[in-house]
Amino acid sequence: MLVCDICTQEVSCEDDMKSHLLLAHMEQDCCCPFCSVSGLTYDELSSHIHTAHADTLEPWSSEEEPCEDVREDMTSSASSSNCTPDEELSTADYKVTAEECKVPLDVERINNKTESSCKEEYISRNADTVSSIPASEDSELGSALVIHNSAPPTATATHIAGSDDLVVECPFCGEVKNSIDKLELHVRMDHADLLASPTKGIGVQQYECPMCSLVCANGNILQEHVNLHLEENYDTGKITSDTVLARQLQAEEDTRRRVEESEREKAEFQELQRQFGLDNSGGYRQQSVQNLERAVARGRMHPMEFHLQKSKMMESLATGVDDGRTKTSGVLGALRQYYNNAGSEVRRVWLCSPLDHFSNSAGDKGWGCGFRNFQMLLSSALLDDTYKDLLQDYRSIPCIPKIQALIEDAWKEGFDPQGASHFNGKLRGTRAWIGACEIYCLLTTLRLKCRLLDFHTPSGPSGTHPLLFEWVLNYFASDTRGTEGNVVCCSKPAIYLQHQGHSRTIVGIEERKNKSYCLLLFDPGCPSETMRRITRQNVDAADLKHFRKYIGGLKHKQYQIVAVEGILSPEEKAVRLQMSKVFQAERIP
């Protein structure tokens with residue numbers, strides 16, 4: 001007789017065994033006899049038994065005879081079947097069957113029971129497993145029922161020396177029981193979630209502890225396990241919360257960043273103050289004296305010359321009148337003569353009313369361009385009969401400290417409160433730069449009607465400003481006194497031109513043979529010696545490079561101009577005063 005490895009059913013021949021395996025096991029899902037895993041095919045079940053339960057099964061030795069109790073069980077099993085004595089299993093057959101089934105050695109206590117008591121005990125403790133066995137095979141269980149012990153697969157069972165008590169340890173929690181029945185009940189009651197069979201074909205999610213790499217069955221168990229780690233490692237004297245630590249580090253980083261930003265802003269502000277002359281480093285007088293002393297120390301000036309120039313400077317500061325050392329007259333007349341005689345490349349040129357050129361001196365070099373341009377503009381108005389009577393109090397060009405005082409008086413009168421706040425209401429004794437807004441307020445205080453225009457963005461290709469050239473042309477061409485050849489003499493004063501970092505004065509505009517336009521500019525940065533040389537000799541095209549600016553030469557992003565267009569009445573001046581409370585220039589385009 002042959003015995004089935006899976007259900008221990010006995011069959012008479014190999015063909016019947018093949019049919020039994022095919023019908024009973026390969027076409028039906030089988031369950032493991034040692035654990036609760038079910039839903040497996042024959043091949044899967046065989047692989048599962050030999051891998052998962054190899055440590056719990058101890059194979060029979062091929063050289064040992066089976067014990068007397070096992071031989072009696074096998075004899076009774078054979079007698080319970082319909083086999084004849086001649087067909088009883090031989091010892092060799094039994095060895096093969098026992099080795100294939102891998103009967104555990106810890107079932108000696110169960111083997112001492114009778115066949116009926118074993119069957120009843122198996123059915124009572126393994127109802128879920130027995131229910132899956134066909135009824136026709138129920139009578140064939142025999143002694144093989146003893147291998148279907150449902151104890152946990154990794155449980156260890158030992159006998160206490162000198163006693164019949166059995167000690168079994170739970171493989172999940174380590175709790176000790178004195179019988180397999182109690183251990184089985186404990187596992188089913190306390191570890192039911194760990195014995196759940198995985199769904200066939202679907203991988204089971206595992207929860208691994210990040211601190212000790214223990215794999216837990218679900219998230220709740222993992223959470224409790226991690227909490228135990230935290231409780232064991234908790235120290236009230238240290239900060240263990242990542243959130244608190246992260247907040248502390250972030251607060252320290254924010255504090256450091258604020259300190260660095262504050263120091264950087266302070267350094268940048270001090271640099272701006274130094275650049276724009278607001279660092280309390282002294283004004284026109286201090287810079288003049290320092291430069292004179294430096295010239296004497298370097299041997300470029302005689303001490304007698306130093307005292308002479310210093311006395312003239314002190315006299316100019318006392319009277320408020322410019323000493324005239326940087327003034328050059330007659331430059332516009334020299335240009336008019338050049339255009340009438342040799343300006344063949346120019347089709348027509350418009351020139352403003354006569355004016356004087358003022359260069360920077362040692363006392364205002366690097367910051368006084370705005371004041372010098374105002375002196376040019378004022379000289380243009382003083383030489384015009386239209387404004388001469390209005391400016392009787394300023395028949396002499398004021399010096400730079402006097403101009404600073406006039407701007408402060410305009411602020412006190414109420415003009416441009418935002419600009420006054422920018423300079424803290426003080427210009428005298430500083431090297432502060434001024435711009436178009438200060439020039440507009442100063443001219444309005446003198447009752448000159450002005451327009452402040454802001455060419456805030458380029459109006460042509462490559463960052464050029466053709467609209468600026470067009471506006472200047474219309475300004476000069478709108479009021480002319482007469483024409484001398486290709487020179488158009490205008491009655492309009494010069495125009496103040498401001499851009500970032502520098503300012504100049506527009507004295508005219510050229511229309512060239514190719515119909516392009518070129519501005520004529522007086523620059524305070526041009527030395528007075530160069531300007532005086534132009535008036536003493538015949539002007540040529542090379543001399544005009546100091547004055548000409550083509551449309552491609554003005555490529556700053558923003559330009560502002562201040563143009564004088566008449567005289568203000570006292571009422572109009574009051575209106576302009578109120579309008580300057582919120583200063584706003586005319587924007588073009």
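The values are calculated or read from the model by the stated rules, or taken from the named source; none is laboratory data. None of the values given here were measured: they were computed from a predicted structure. Note that each Cβ is placed from the backbone with ideal geometry, even for glycine, and that neighbours are counted across all protein chains shown. Remember, those area values only see protein heavy atoms, side chains included, never the ligands or the DNA or RNA. Shrake-Rupley method; radii C 1.70, N 1.55, O 1.52, S 1.80 Å.
Restricting things to alpha carbons, tell me how big segment 394-530 is in terms of Rg and Dmax, in Å.
17.4, 51
On a 1.4 Å probe surface of the protein chains, which of THR505, THR51, THR255 comes out largest in accessible area, and what is the full order?
These residues rank, largest area first, as THR51, THR255, THR505.
Past the 22 Å Cα-Cα mark, which pairs from LYS310/LYS426; LYS513/LYS545; LYS327/LYS365; LYS365/LYS492?
LYS310/LYS426; LYS365/LYS492
How many nm separate the modelled label positions at ASN227 and LEU185, each set 7 Å beyond the Cα in the direction of the Cβ?
Those two pseudo-labels are separated by 2.9 nm.
Could you give me the ³J(HN,Hα) list for segment 357-365, computed from phi with Karplus coefficients 6.51, -1.76, 1.60 and θ = phi - 60°, whole Hz, x at Gly and Pro?
9, 10, 9, 5, 10, 5, x, 10, 5
Are there trypsin sites (Lys or Arg not before Pro) in segment 486-563 that DSSP marks as loop and that have at most 11 other Cβ atoms within 10 Å, and which are they?
Sites meeting the loop and neighbour criteria: LYS513, LYS515.
Please compute the alpha carbon radius of gyration of segment 342-469, then divide it by the globular-protein estimate 2.2 N^0.38 Å. Two decimals is fine.
Rg over 2.2 N^0.38 Å, computed on Cα atoms: 1.22.
Once the Cα gyration tensor of segment 473-541 is diagonalised, what are the square roots of 5 times its eigenvalues, in whole Å and ordered largest first, as equivalent ellipsoid semi-axes?
Values for segment 473-541, descending: 22, 18, 13 Å.
Mind grabbing the accessible area of MET211 for me, 1.4 Å probe, Å², rounded to tens?
Accessible area of MET211: about 90 Å².
Quick check: with the 1.4 Å probe, what order do ASP181, ASP364, ASP393 take by accessible area, largest first?
ASP393, ASP181, ASP364
Please give the solvent-accessible surface of ILE567 in Å², to the nearest 10, using a probe radius of 1.4 Å with every protein chain present.
Answer for ILE567: close to 70 Å² accessible.
Place a +1 charge on the Cβ of each Lys and Arg in segment 244-308 and a -1 charge on the Cβ of each Asp and Glu, then give the dipole magnitude about the Cα centre in debye, rounded to the nearest 20.
Rounded to the nearest 20 debye, it is 300 debye.
Heavy atoms only, 1.4 Å probe, whole protein assembly: order MET313, MET189 by accessible area, highest first.
Final ranking, largest accessible area leading: MET189, MET313.
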